[in-house]
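*Asks:* Sending over a structure as structure tokens; questions will come in a sec.
The values are calculated or read from the model by the stated rules, or taken from the named source; none is laboratory data. Computed from a predicted structure; not experimentally measured. In this analysis, Cβ positions are derived from the backbone assuming ideal geometry, glycine residues included, and neighbour counts consider all displayed protein chains. These area figures cover heavy atoms from the full protein model, side chains too; ligands, DNA and RNA do not enter into them. Shrake-Rupley method; radii C 1.70, N 1.55, O 1.52, S 1.80 Å.
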Amino acid sequence: MTATPTAAGDASVALRAIGWPLADPPAETPDAEAWIALLAAHPAARPARVVEQHRSGYVVAEAADRLRTADAPPEWLRRRFAPQDRAAVGDWVLIEGGRDDPAKASTRAAAQIV
């Protein structure tokens, strides 16, 4: 595995304080490789932890003292979308949007490392 500069590589003390599972630099494990691939597939996204779940969105933490709302992707709101595939409290999601703009969850981590 070759470490590339990604949000995981930039994981700060703030993210690790809320449970971010990747070391900096990431260890060579299948879970770390899954995270690196997920982050590489979403280069504009950054990790956040779900702390509240609501009907059409979430409150996520980017640090212990930095909470923000994030809209759920439209497909997560469809009836036929399996509930277990939606993010829940404690899950890591990737969010997109500026730090002061409304955030949008772009994906839930397939390999949950909690």
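*Asks:* Roughly how many nanometres apart are two label points built 7 Å out from the Cα toward the Cβ at Val89 and Ala63?
*Replies:* 2.4
*Asks:* Give, in nm to one decimal, the length gained when the segment between Arg55 and Ala37 is fully stretched (0.36 nm per residue of separation minus the Cα-Cα distance). Don't skip to the end; give the middle numbers.
*Replies:* On the way: separation 18, 0.36 × 18 = 6.48 nm, distance 2.89 nm.
The span from Arg55 to Ala37 would gain 3.6 nm if fully extended.
*Asks:* Right, another one. Scan the range 11-106 for chymotrypsin sites (Phe, Trp or Tyr not before Pro) in coil per DSSP, keeping those whose Cβ has at most 16 other Cβ atoms within 10 Å, and list them by number. All intermediate terms of the calculation are to be shown ahead of the outcome.
*Replies:* Values: sites: Trp35, Tyr58, Trp76, Phe81, Trp92; in loops: Phe81.
Answer by residue number: Phe81.
*Asks:* Another question, then. Trypsin sites (Lys or Arg not before Pro), restricted to the range 36-114: which are DSSP loop and have at most 10 other Cβ atoms within 10 Å? Please list the in-between numbers first.
*Replies:* Values: sites: Arg49, Arg55, Arg66, Arg68, Arg78, Arg79, Arg80, Arg86, Arg99, Lys104, Arg108; in loops: Arg55, Arg78, Arg79, Arg80, Arg86, Arg99.
Answer in residue order: Arg55, Arg78, Arg79, Arg80, Arg99.
*Asks:* Let's see if you can work this out: charge +1 on each Lys and Arg Cβ, -1 on each Asp and Glu Cβ, no other charges. What is the dipole magnitude of the range 24-105 about its Cα centre, in debye to the nearest 20? Don't skip to the answer; put the middle values down first.
*Replies:* Working: 11 positive and 14 negative charges, 105 e Å.
Once rounded to the nearest 20, the dipole reads 500 debye.
*Asks:* Largest first, what is the accessible-area ranking of Ser56, Ser106 with a 1.4 Å probe?
*Replies:* Details: Ser56 70, Ser106 30 Å².
Ranked from most to least accessible, the order is Ser56, Ser106.
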